[in-house]
Amino acid sequence: LLQVYAGAGLIGFVADISTCHCRRSTGETNGNNEGSKICQATEPAFIIPEPLKWNPTIIHRDLHLSLDDLFHGCTKKIKISRRIMNEDGYTSSIKDKILSINVKPGWKEGTRIIFSKEGDQGPNSIPADIVFIVRQKSHPMFVRQLNDLIYKAQISLEMALTGFSVDVETLDGRLLNIPISDLVHPTYKKVVTEEGMPLSQDASQRGNLIITFDIQFPDKLSAERKHLIKQALK
């Protein structure tokens, strides 16, 4: 017979009276001719194991980082408040702790940083793990796609047809001057190799900078200009 000792987390097993050989056993057999004695004890015999410990749910927290943080790498220090067991093993108190996160260049959205057993302590529980999940903030100039950076340049129709140069200030403060000699159509992209995000596995390698174009068409054209454009495109 399995007994659960409620509230204390203890599991007790009642001894099988057909095979008990305690001092209170009578001389009667159990009917199987093996000579086992039947116990007349009124209290059950318990086998008491160690208290069971439960593992609470993992604690998830967002870690908001700028694109500059993820490009250069940085150190973030986060203060948490957690319940700590006192020396008596029964009472607890709230104490603050600083967790330090070393952000590596090239980390992506969704990267997880795990602090094992840094959650609240309890008398019969294992402290939960705290998991920080990287959330990338938006950037005014660039959109990130994996290891590539997307930059959108606004140009006029004249520039799209005749050529121009694009100036792009990189995340590490350099100014790139990129000549465009091709005819630029709405789906045209200019790829500048190794000017994107560093790779988290090897920061010496980089993704690409991809320039897209928003072509600004004129609101209206005079008849003379329309004629000139037709002549030029023949």
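Report whether or not Ser100 is in contact with a Lys or Arg (Cβ under 6 Å, 6 or more places away or on another chain), surrounded by fewer than 16 Cβ atoms within 10 Å (Cβ to Cβ) and farther than 17 Å from Thr212 by Cα.
Here the answer is yes, as Ser100 does meet what is asked.
If I go through region 72-103 residue by residue, how many of them are acidic (Asp, Glu) and closer than 22 Å to Asp62 by Cβ?
Count: 1.
When residues of region 200-221 are filtered for being among the basic types (Lys, Arg) and under 24 Å from the mean Cα position of the chain (by Cα), how many remain?
Counting residues in region 200-221 that are among the basic types (Lys, Arg) and under 24 Å from the mean Cα position of the chain (by Cα) gives 1.
Specify which of the listed residues (Asp148, Asp172) is within 30 Å of Ile113 (Cβ to Cβ), loosely packed, with under 11 Cβ neighbours inside 10 Å and among the acidic types (Asp, Glu).
Asp172
Is there a residue in region 127-144 that is part of a helix (DSSP H, G or I) and surrounded by 11 or more Cβ atoms within 10 Å (Cβ to Cβ)?
No.
Given the conditions (1) in contact with a strand residue (DSSP E or B) (Cβ under 6 Å, 6 or more places away or on another chain); (2) closer than 25 Å to Ser66 by Cα, and given that Gly119 satisfies all but one, which numbered condition is not satisfied?
Here Gly119 clears every test but (2).
Here are some conditions: (1) modelled with pLDDT of 60 or more; (2) under 32 Å from the mean Cα position of the chain (by Cα); (3) part of a loop (DSSP other than H, G, I, E, B). Leu52 meets all but one. Which one does it not meet?
(1)
Looking at Arg112, is it among the basic types (Lys, Arg) and buried (at least 16 other Cβ atoms within 10 Å of the Cβ)?
no
Kindly check whether there is at least one residue in region 111-126 that is of a type in the set (A, V, I, L, M), out of contact with any Gly (no Cβ under 6 Å at 6 or more places or on another chain), part of a loop (DSSP other than H, G, I, E, B) and not assigned by TED's automatic domain parsing to the domain that holds Glu195.
yes
Just to be sure I understand the filter: pairs with C-beta atoms under 7 Å, separated by 6 or more residues or on different chains, first member in region 204-232 and assigned by TED's automatic domain parsing to the domain that holds Lys152 and surrounded by fewer than 15 Cβ atoms within 10 Å (Cβ to Cβ), second member part of a strand (DSSP E or B) and of a type in the set (Ser, Thr, Tyr). Which pairs pass?
Gln216/Ser156
Can you pull out every residue in region 180-203 that is free of Cβ contacts under 8 Å to residues at least 40 places away in the same chain and of a type in the set (S, T, N, Q)?
Across region 180-203, the qualifying residues are Ser181, Thr187, Thr193.
The values are calculated or read from the model by the stated rules, or taken from the named source; none is laboratory data. Because the structure is a prediction, the values reported are computed rather than measured. Heads up, the Cβs are rebuilt from the backbone with ideal geometry, glycines too, and the neighbour counts pull from every protein chain shown.
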